[in-house]
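Everything on this sheet refers to the single structure shown next.
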């Protein structure tokens, strides 16, 4: 597995990964209106890095660089639990040496456990259109 910067050749795979994982993860939300093009709209101002192996996208991280704010960290269902998310986070830390911040839906228990295991701590909380979230930061 290698971590690479986004290139357009991966756009179809990223759209599909985002759609599948979003639908299977956020089961408490109505997914009937989800579309492949949602990906494009949700990463507009972000820089993307991909985990790939043998030409296959295993996962991606989308970060708004001015604030080092992670908007998305998604791993393909068949690649979860093998270190993809960990490597993407480690790459971001190695790249800029800054702490990262993100919002994580409270109902996304698996993601919450992952971030806490990586040293993230709660620094805030709120409620958005899609539910309650915690603001998490690693140091």
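Here's the yes/no breakdown for (1) surrounded by 12 or more Cβ atoms within 10 Å (Cβ to Cβ); (2) within 13 Å of residue 61 (Cβ to Cβ); (3) in contact (Cβ under 8 Å) with a residue 40 or more places away in the chain:
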residue: 94; (1), (2), (3): no, yes, no
residue: 107; (1), (2), (3): yes, no, yes
residue: 118; (1), (2), (3): yes, yes, no
residue: 129; (1), (2), (3): no, no, no
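When residue 135 is tested against (1) within 19 Å of residue 42 (Cβ to Cβ); (2) buried (at least 17 other Cβ atoms within 10 Å of the Cβ); (3) modelled with pLDDT of 95 or more; (4) out of contact with any helix residue (DSSP H, G or I) (no Cβ under 9 Å at 6 or more places or on another chain), exactly one condition is not met: (2). In segment 110-117, is there at least one residue being more than 21 Å from residue 18 (Cα to Cα) and over 12 Å from the mean Cα position of the chain (by Cα)? Checked segment 110-117: at least one residue is more than 21 Å from residue 18 (Cα to Cα) and over 12 Å from the mean Cα position of the chain (by Cα). In contact with a helix residue (DSSP H, G or I) (Cβ under 9 Å, 6 or more places away or on another chain) and within 19 Å of residue 6 (Cα to Cα), is that true of residue 69? Judged against the criteria, residue 69 is not a match. Within segment 23-41, identify whether any single residue is closer than 20 Å to residue 3 by Cβ and either in contact with a strand residue (DSSP E or B) (Cβ under 6 Å, 6 or more places away or on another chain) or in contact (Cβ under 8 Å) with a residue 60 or more places away in the chain (or both), and answer yes or no. Taking every residue of segment 23-41 in turn, none turns out to be closer than 20 Å to residue 3 by Cβ and either in contact with a strand residue (DSSP E or B) (Cβ under 6 Å, 6 or more places away or on another chain) or in contact (Cβ under 8 Å) with a residue 60 or more places away in the chain (or both). Among the residues making up segment 41-84, a single one is modelled with pLDDT of 95 or more and in a helix (DSSP H, G or I): 84. Filtering 77, 122 for residues that are touching a residue at least 40 places away in the same chain (Cβ under 8 Å) and loosely packed, with under 15 Cβ neighbours inside 10 Å leaves a single hit, 77. Annotation: of all residues in segment 90-114 being outside any strand (DSSP E or B) and in contact with a helix residue (DSSP H, G or I) (Cβ under 9 Å, 6 or more places away or on another chain), the one that is nearest to residue 46 (Cα to Cα) is 100.
A count restricted to segment 15-38 and to residues that are under 14 Å from residue 75 (Cα atoms) and in contact with a helix residue (DSSP H, G or I) (Cβ under 6 Å, 6 or more places away or on another chain) stands at 2.
The values are calculated or read from the model by the stated rules, or taken from the named source; none is laboratory data. Bear in mind that the values here come from a model prediction, so they are computed numbers and not experimental data. Here Cβ is always computed from backbone atoms with ideal geometry, including for glycine, and neighbour counts include all displayed protein chains.
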